[in-house]
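To start, the structure under review is shown below, and the notes come after it.
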Amino acid sequence: MTHESQRRLVVVNAGLSDPSSTRMLADRLAAEFVEGVAGQGLRVDTTVLDLRELAVEIANSTTSGFGVGDLRSALDAVHRADALIVATPVFNASYSGLFKSFFDLVEVEPMAGKPVLIAATGGSARHSMVLDYALRPLFAYLRAVVMPTGVYAASQDWSGNTGDTAMLSDRIGRAANELARSVGADAADGVLTPRSVVEPVASNNAEATGIDNFARLLGGAIGARR
């Protein structure tokens, strides 16, 4: 990770259409990230990779296992990045084949400890779990540090009622802020951990909202049996 006043952000967009809701989500996340980093007195060098423009090279490279030309430059940008924002449309309840094929070419070692913000778009909110069941394990394998907050945007989040759009804006702001803090001036050197990118949460916050503290309940049950 760089120790200068500038950070390298790479945005990987797997949206296929133009305009694309996936690209729109990625752009909003990037804008919030840049604003958050600027508040720490840092500048951002942003590179946006539209994978649809690299689709042929990605397909040709899956047999050889390495990229050439523009694809090689894209992979190098990912490897050198201080932070990544990755966004994919949901196809068949998972990330797109283009998205997976690109990251199959990404090397593990340069990804170790790299902060990544995951995002996805789909037609229905029912696919929101793709963040935790597909994207998060992929980047865990690559040894990246995935931000605690992932952002999923369904069609209704863009054009639905005011509550839906406000909730999406809140998630975007929270996720981008986590990423900004992970590469900020006060971030620890070396490999990042999720604990270093979020504020500690009081243990009774959940209880304040009416959610039982299951660790405490379990402890009580165990104590009663002794």
- line: Taking segment 104-124 and keeping residues closer than 21 Å to SER21 by Cα and surrounded by 14 or more Cβ atoms within 10 Å (Cβ to Cβ) leaves VAL116, LEU117, ILE118, ALA119, ALA120, THR121, GLY122
field: Of residues in segment 40-56 being without any contact (Cβ under 8 Å) to a residue 40 or more places away in the chain and not in a strand (DSSP E or B), the one surrounded by the most Cβ atoms within 10 Å (Cβ to Cβ)
entry: GLU53
- request: Inspect all residues belonging to segment 70-81 and state whether any of them is outside any helix (DSSP H, G or I) and either among the polar types (S, T, N, Q) or at pLDDT 90 or above (or both).
  value: yes
- request: Looking only at segment 16-26, decide whether some residue is among the basic types (Lys, Arg), touching a residue at least 40 places away in the same chain (Cβ under 8 Å) and on the phi < 0 side of the Ramachandran plot.
  value: yes
statement: Selection from segment 154-175 of residues open to solvent by less than 40 Å² (accessible area, probe 1.4 Å), at pLDDT below 95 and of a type in the set (A, V, I, L, M, F, W, C) yields ALA154, LEU168
- prompt: Residues in segment 104-142 that are part of a loop (DSSP other than H, G, I, E, B) and within 17 Å of VAL183 (Cβ to Cβ): how many?
  reply: 3
Residue among SER128, SER73 that alone is farther than 19 Å from LEU16 by Cβ, hydroxyl-bearing (Ser, Thr, Tyr) and open to solvent by 50 Å² or more (accessible area, probe 1.4 Å): SER73
query: Can you tell me which residues in segment 57-116 are polar (S, T, N, Q) and touching a residue at least 12 places away in the same chain (Cβ under 8 Å)?
result: SER61, THR62, THR88, SER94, SER96, SER101
- request: Test ALA59 against the stated conditions and say whether it is at pLDDT 95 or above, assigned to a helix (DSSP H, G or I) and not acidic (Asp, Glu).
  value: no
field: Inter-residue pairs, beta-carbon under 6 Å, first of a type in the set (Asp, Glu) and in segment 143-158, second open to solvent by 60 Å² or more (accessible area, probe 1.4 Å) and in a strand (DSSP E or B), 6+ apart
entry: none
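The values are calculated or read from the model by the stated rules, or taken from the named source; none is laboratory data. Just so it is clear, the model here is predicted, and its values are computed rather than measured. Note: ideal-geometry Cβ built from the backbone for every residue, glycine included; neighbour counts use all protein chains shown. We work out accessible area using only protein heavy atoms, side chains counted, and drop any ligands, DNA or RNA first. Shrake-Rupley method; radii C 1.70, N 1.55, O 1.52, S 1.80 Å.
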